[in-house]
Amino acid sequence: MSNNTQNPKPGWYCVDLHNHTPASTDYQQPDVKMIEILQRAEARGLDVIAITDHNTVAGYRKMMEEIRQLNLLKGLNRLLPEEKRLLDEYDRLFSKILVLPGFEFTATLGFHILAIFSPDKSIREIEHLLLSLNIAPNLLDEGSQTVGATTDVVAAYKLINQSGGLVIAAHANSSNGVAMRGFNFGGQTKIAYTQDPNLHALEVTDLEQKGTRTTATFFNGTKPEYPRRMHCIQGSDSHRLTTDATRRKNLGVGDRTTDILLKEKDFQSIMDVFNSNDFSKTRPHRSNAEPSYNFVITAQEEGANIIQDFHESMTVRGGKLYAVLADICAFSNTNGGTLFVGLSADMKKGIVGLNDVEKNVALLEKEISNRISPPLNCKIDVHELNGKKIVRILVPRGEDPPYSLDDYKIYIREETETNLAVRDEIVNLVMRGKHLAQAQKTEVSETVKSSSPTPEKAIETDERAAIDPQTGIELFLPEERNGVRYFTVRDLRNGNIVNNVTQTSARRLWQYAIKRYNDMIDKDEHPKIKWLGNFGLWRKYKGRNIDIYDLVFKEDEKLRYFFGVTSIGLHGNWKVLTGEKED
């Protein structure tokens, strides 16, 4: 039976990539037939459905064996009328719905991972993968969540990805989810489980919620310890045909779905979306009666940050085009990002828009090609909102840093600012590029911390991680030479060290930090500090859409100074001291 669907044109398709069948031992309606699951998917308007039973492909295999047997009888002209109706119904449904095989794997410690494959993937190959993941042969058709010791999460990601599968962390923010939200443990394990390069997406249960505390916001690339932005989708995790009337959390087929913008309705197009850095191609599915989702408005609500910024225009006069190019250079040297041109960061200004966007796009492509080196593959597209056109630039995290503008100007991104890199930052970029070249791959979550020197005044790395904020900078006590104070600055996001910083250094945050430090020493502002044990709050002020703090930590009767710490960089006692809520 062909699984080629009609209308293979670009467009938004409704997708549910997490569905169980009676082949799972915890399925709540064991008498349900596979044809009924597909019929329910059609009734809910699904274009793509994945069959993901627990640690087995038995449900999907049973359906395909039934179809094969019916086709065999058809070839022998031995179909009964009822069997013909069933085969015709399968043919009709498969012409409308792309049905993908897969499974929900239970990794070591009980974490769940969705593995989804092309319909061209043989069932024998999928079962061989399950065996490779240490599912015991006698449990291969069991369909149970409990399968004993299997394979750890990261190794499972790699094996599934290498087998051509789409790797999704199932219900990541809920029970058995790798995000471990709400737990006060996890540390490096949680980072590894959610940032691994073999992981394509996180399935979350709060995709339709708004605010700073949603899972998608947490993994949007702005958190210092989670620099890789993750694709987030939602699925029904259906264990029945329809929602349980007595327990609304027990969802049915298509009760919680995702829209995906695809070139064609096929598996490869789905993979292409999740392998890209375009995060506008997925959205929570909404009915026609609900307000439409618009990623441009959502971006504007989030405001400028380390991976996103806005420019109202890109004229050559006034240096506005140069500012766009500087941001592109900075994003490529940092974590990648998205630029909107023709759109203000200030929502009160609405949609500014650009005239003659085709000319502007051609100019951008030419300028990026001619002035950014080494070559950088940016994606530029045009979007229309409220009758006005804006340009979006998707900038990848560069695979061959450092990237420069006009051959010698190297920019980096720090929170909401683009700045010229200083010597030590350039050295770190070179070391990162060297590491990438040796490894022959790019991993978005990778940070080369070993390339940074450690001042004698700094404490050991492991001890520091338990104390330090995770955004902003640390200003080390200065050395005075010829009446000038020379400081060492440490980037709290990645540990990179910059030496010989003075009050006249170009970086705005550095100038601010040194001025504040001088005020502390010369004007004795110590009484202004609010203390919680050894943790001190010096100053709180408003940034663009976020609170910013200057902090002090008392260590062996000496003080350590942190400046420009955003609320997302706070943890532990810092959150208690500042009154910020825990994620």
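Points worth noting:
- Those residues of the range 128-151 which are at pLDDT below 95 and over 17 Å from residue 57 (Cα atoms), in sequence order: 148, 149
- Residue match in the range 404-427 (condition: of a type in the set (D, E, K, R) and without any contact (Cβ under 8 Å) to a residue 60 or more places away in the chain): yes
- Residues that are surrounded by 14 or more Cβ atoms within 10 Å (Cβ to Cβ) and modelled with pLDDT of 90 or more, drawn from the range 515-531: 529
- Residue within the range 532-545 that is surrounded by fewer than 17 Cβ atoms within 10 Å (Cβ to Cβ), at pLDDT below 90, more than 27 Å from the chain's Cα centre (by Cα) and among the polar types (S, T, N, Q) present: no
- The C-beta contact set for the range 518-546 (first residue of a type outside the set (Gly, Ala, Ser), second residue surrounded by 13 or more Cβ atoms within 10 Å (Cβ to Cβ) and in a loop (DSSP other than H, G, I, E, B), distance under 7 angstrom, 6+ apart or interchain) comprises 519/525; 537/529; 538/529; 544/303; 544/304; 544/345; 544/416; 545/303.
- Residue within the range 221-232 that is closer than 25 Å to residue 350 by Cβ and small (Gly, Ala, Ser) present: no
Quick grid of which residues meet (1) in contact with a Gly (Cβ under 6 Å, 6 or more places away or on another chain); (2) hydrophobic (A, V, I, L, M, F, W, C); (3) assigned to a helix (DSSP H, G or I):
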site	(1), (2), (3)
77	no, no, no
86	no, yes, yes
94	no, yes, yes
100	no, yes, no
109	no, yes, yes
124	no, no, yes
161	no, no, yes
164	no, no, no
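- Conditions (1) modelled with pLDDT under 80; (2) under 30 Å from residue 195 (Cβ atoms); (3) surrounded by 15 or more Cβ atoms within 10 Å (Cβ to Cβ): number failed by residue 505: (2)
- At least 1 residues being within 30 Å of residue 410 (Cβ to Cβ) and touching a Ser or Thr at 6+ places or on another chain (Cβ under 7 Å) is the threshold, and among the strands (runs of 3 or more DSSP E) wholly inside the range 498-568 those reaching it are 547-555, 558-566.
- Residue check, residue 356 among the charged types (D, E, K, R) and modelled with pLDDT of 95 or more: no
- Hey, residue 222 assigned by TED's automatic domain parsing to the domain that holds residue 156, more than 9 Å from the chain's Cα centre (by Cα) and of a type in the set (S, T, N, Q) or not: yes
The values are calculated or read from the model by the stated rules, or taken from the named source; none is laboratory data. Owing to the predicted nature of the structure, the values given are computational and were not obtained by experimental measurement. We place every Cβ from the backbone using ideal geometry, glycine too, and count neighbours over all the protein chains shown.
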